[in-house]
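A.B. asks: Let me give you the structure first, and then I'll get to my questions.
Computed from the coordinates by the stated procedures, all read-outs in this text should not be read as laboratory data. A quick note: this is a predicted structure, and the numbers were derived from the prediction, not measured. Here Cβ is always computed from backbone atoms with ideal geometry, including for glycine, and neighbour counts include all displayed protein chains.
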Amino acid sequence: MHFLVTNDDGVRAPGLLALVDAVRPFGKVSILAPDRNWSGSGHVKTMSRPLRVFETALQDGTPAFASDGAPSDCVALALLGYIDEPVDLVVSGINTTSNMGHDVTYSGTVTAVMEGIVNGIPGVAFSQEGSEFGPQDFAVSQHVANVIITQLLSRKMPEGVFLNVNIPDVAVDKLKGIQLTRQGLRVYHSRLDERLDPRGGKYYWIAGDKPGGVPEPGTDIGALANGFASVTPLQLDLTAHGKLLDWEWYFPIDERN
Ligand code: MN
């Protein structure tokens with residue numbers, strides 16, 4: 001299996017090397033990741049400026065490519081021809097905070113995998129609950145990645161489906177298991193933080209406390225709240241099926257004036 005590994009925390013993030021180490025036993029690994037942190041960048045297609053790619057290496061010397069584009073740009077670059085050999089699976093992460101519920105459209109980790117789907121390649125996004133800035137042990141996520149990739153060797157992902165995997169920040173032997181989930185309800189505590197620059201001009205941070213969520217059983221948020229890793233199958237079709245069926249969509253031409 002040929003893996004394309006990317007992330008949204010930047011090519012030098014320890015979580016990227018942890019994911020490379022987790023998938024390396026299963027095949028060939030190519031790495032193309034952003035040259036800086038793009039957390040929260042969402043699904044980006046850079047069209048107003050050129051993209052540059054340069055050779056770099058991970059902390060253990062593994063050769064990698066870095067780009068000044070977003071995580072989704074990195075996946076597009078790789079799949080549209082920068083990486084010669086066909087890619088079988090896009091893996092993204094390991095992100096240093098969870099990406100659950102409504103987070104998925106904000107998440108550079110998840111939207112990198114969405115870009116794989118746009119290009120016909122399945123993928124898995126890995127995010128581990130924890131501190132955005134503190135050092136983190138990724139052994140538990142590596143274990144979960146091993147379980148999932150082992151299954152993917154003998155099973156085919158359904159067309160257009162990708163996996164959003166969230167892992168609690170616990171020791172491997174404290175993980176209760178892995179649950180198949182649906183998206184839960186994230187509750188954001190965002191507020192606008194207005195400040196002044198040195199010349200008196202206003203600027204803003206979208207700030208606030210860490211998001212919470214409703215830990216309903218069967219959801220990603222519920223799984224992590226109970227010590228389980230969460231695997232949510234997602235697709236890009238956001239259609240609200242079965243809604244607005246009783247609205248009137250036909251206007252006879254003689255009633256328009
Ligand atoms: Mn991130």
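A.B. asks: For n ≥ 4 DSSP H runs only, could you compute -39500 (n - 2.57) per run for the chain, divide by its residues and tell me the 222 nm figure to the nearest 500?
C.D. replies: About -6000 deg cm²/dmol.
A.B. asks: Over the chain, what is the relative contact order in percent, taking alpha-carbon pairs closer than 8 angstrom and at least six residues apart?
C.D. replies: Answer for the chain is 17 percent.
A.B. asks: Treating cross-link reach as a plain straight distance, find the lysines whose alpha-carbon is under 27 Å from the alpha-carbon of residue 28, omitting any fewer than eight places away in the same chain.
C.D. replies: Correct list for residue 28: 45, 156.
A.B. asks: Sort all Cα-Cα distances of the range 13-93 into consecutive 10 angstrom bins from zero, then give the percent of pairs in each bin up to the one containing the longest distance.
C.D. replies: P(r) for the range 13-93, in whole percents per bin: 17, 54, 27, 2.
A.B. asks: Which ³J(HN,Hα) values, rounded to whole Hz and listed in residue order, are derived for the range 100-113 from phi using the Karplus coefficients 6.51, -1.76 and 1.60 in 6.51 cos²θ - 1.76 cosθ + 1.60 with θ = phi - 60°, glycine and proline given as x?
C.D. replies: Result, ordered by residue: 10, x, 5, 4, 4, 7, 7, 5, x, 4, 6, 5, 4, 5 Hz.
A.B. asks: Are there any GluC sites (Glu not before Pro) in the range 109-153 that are in a DSSP loop and have at most 12 other Cβ atoms within 10 Å? List them by number.
C.D. replies: When the GluC sites (Glu not before Pro) of the range 109-153 are filtered for loop state and at most 12 Cβ neighbours within 10 Å, 132 remain.
A.B. asks: Continuing with this model, one more query. Taking 1 over the mean of 1/r across every pair of different Cα atoms in the range 160-257, what Kirkwood radius in Å do you get?
C.D. replies: Taking the inverse mean of 1/r over all distinct Cα pairs, the range 160-257 comes out at 17.9 Å.
A.B. asks: Using amide H atoms built in the peptide plane, which far-off residues or other-chain residues are under 5 Å from residue 29 H to H?
C.D. replies: 3
A.B. asks: Now for a separate question. For the range 107-173, report the translational diffusion coefficient in µm²/s to the nearest whole number, using Stokes-Einstein at 4 °C, 1.567 mPa s, and a Kirkwood Rh over Cα pairs.
C.D. replies: Answer from the Stokes-Einstein relation: 99 µm²/s.
A.B. asks: Which residue fluctuates the most in the chain, going by a Gaussian network model with Cα springs under 10 Å, if the choices are 20, 147, 113?
C.D. replies: Of 20, 147, 113, the most mobile in the Gaussian network model is 147.
A.B. asks: With a cap of 16 neighbouring Cβ atoms within 10 Å, and only residues DSSP puts in a loop, list the trypsin sites (Lys or Arg not before Pro) found in the range 4-109.
C.D. replies: Passing sites in the range 4-109 are 36, 45, 52.
A.B. asks: Ok, one more. Please list 3J(HN,Hα) in residue order for the range 77-85, calculated via the Karplus relation 6.51 cos²θ - 1.76 cosθ + 1.60 where θ = phi - 60°; whole Hz, with x for glycine and proline.
C.D. replies: Karplus values, whole Hz, x for Gly and Pro: 3, 5, 7, 8, x, 5, 9, 5, 6.
A.B. asks: Further question on the same structure: Sequence gap at least 6, Cα distance under 8 Å: using those rules, report the relative contact order of the range 86-132 to the nearest whole percent.
C.D. replies: Contact order relative to length: 55 percent.
A.B. asks: Amide H neighbours of residue 181 under 5 Å, counting only residues 5+ apart in sequence or on other chains, H built in-plane at 1.01 Å?
C.D. replies: Residues meeting the criterion, in which the H sits 1.01 Å from N, are 231, 232.
A.B. asks: Relative contact order of the range 1-119, please, whole-number percent, based on alpha carbon pairs below 8 angstrom and at least 6 residues apart.
C.D. replies: Across the range 1-119, relative contact order equals 36 percent.
A.B. asks: Then there's this: When the chain is modelled as a GNM with alpha-carbon springs shorter than 10 Å, which of 149, 206, 117 fluctuates the most?
C.D. replies: For the chain, modelled as a Gaussian network with Cα springs under 10 Å, the answer is 206.
A.B. asks: Charges at C-beta only: +1 for Lys and Arg, -1 for Asp and Glu. How large is the resulting dipole of the range 114-257 about its Cα centre, in Debye rounded to 20?
C.D. replies: Roughly 300 debye for the range 114-257.
A.B. asks: I would also like to ask the following. Using all alpha carbons of the chain, what is the percent of pairwise distances in each 10 Å bin, ordered from the shortest bin to the longest?
C.D. replies: Reading upward from the zero bin: 7, 29, 33, 18, 8, 4, 1, 0.
A.B. asks: Could I ask something else about it? Among 187, 104, 90, determine the one that fluctuates most according to a GNM of the chain built with springs between C-alpha atoms less than 10 Å apart.
C.D. replies: Among 187, 104, 90, the largest GNM mean-square fluctuation belongs to 187.
A.B. asks: Students often forget the sequence filter, so: which lysines lie under 26 Å Cα-Cα from residue 202 once same-chain residues fewer than 8 apart are removed?
C.D. replies: 210
A.B. asks: Near the amide H of residue 123, under 5 Å away, which other amide H atoms are found, from residues 5 or more places off or on another chain, if H is placed in the peptide plane?
C.D. replies: 90, 163
A.B. asks: In whole Hz and in residue order, list the ³J(HN,Hα) couplings for the range 182-188 that follow from phi through the Karplus curve 6.51 cos²θ - 1.76 cosθ + 1.60, θ = phi - 60°; x for Gly and Pro.
C.D. replies: The phi angles translate into 10, 5, x, 9, 6, 10, 8 Hz.
A.B. asks: Out of all DSSP beta bridges in the chain, what portion is antiparallel? Express it as a percent rounded to 5.
C.D. replies: 45
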